[in-house]
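To keep things clear, I will list the structure first and then write my remarks on it.
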Amino acid sequence: MKLLYYFLCVIIFSGCMLWEQTKPEPVVIQAPTTVSTTIAPADSSYLSITIDVSSDTSDTHAIIDNGNDYAISLRGKSLTDANINSVDSFLMQHKAYINADKVIVSNKPGTPYSPFKKLNDVLKKFGILKFKLISQ
């Protein structure tokens with residue numbers, strides 16, 4: 001009986017040792033590729049929206065969210081210092097001219113997520129689910 005117990009212990013222990021020695025291969029992580037697109041400045045058929053959250057000049061890390069964080073332009077018509085409701089109205093008025101493949105959203109690095117989230121919700125409402133995101 002002791003021999004059987006000893007034999008089982010050796011098998012279990014050696015099985016555990018073999019199991020511990022087989023480790024999975026490391027995963028290789030690659031950085032995403034950067035895509036460059038040139039848009040003609042005279043092409044007003046693009047819906048261009050800029051998220052411009054102001055910074056406090058005394059503190060470069062302080063962000064001022066006054067609600068009027070958007071500038072929008074399409075086909076020669078533009079709107080600056082707009083809040084999200086103004087952007088919604090602008091898109092409603094010009095929805096016949098919006099090409100879902102020609103939408104550009106630009107922002108500055110360090111822009112908080114909340115203005116982008118509001119804009120994304122409005123764009124979804126108009127069926128715009130993809131766009132080119134540009135950091136200035």
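Quick look at the numbers
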| item | result |
| --- | --- |
| Residues being part of a helix (DSSP H, G or I), free of Cβ contacts under 8 Å to residues at least 12 places away in the same chain and not basic (Lys, Arg) - total across the stretch 93-133 | 5 |
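The rows are residues; the columns are (1) of a type outside the set (Asp, Glu); (2) at pLDDT 70 or above; (3) not in a strand (DSSP E or B).
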| residue | (1), (2), (3) |
| --- | --- |
| CYS16 | yes, no, yes |
| VAL27 | yes, yes, yes |
| GLN30 | yes, yes, yes |
| THR37 | yes, yes, yes |
| ALA42 | yes, yes, yes |
| ILE49 | yes, yes, no |
| THR60 | yes, no, yes |
| ASN66 | yes, no, yes |
| LEU79 | yes, yes, no |
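The values are calculated or read from the model by the stated rules, or taken from the named source; none is laboratory data. Predicted model, so just to flag it, every value in this text is computed and none were measured. No Cβ is skipped: glycine too gets one built from the backbone with ideal geometry, and neighbour counts run over all protein chains shown.
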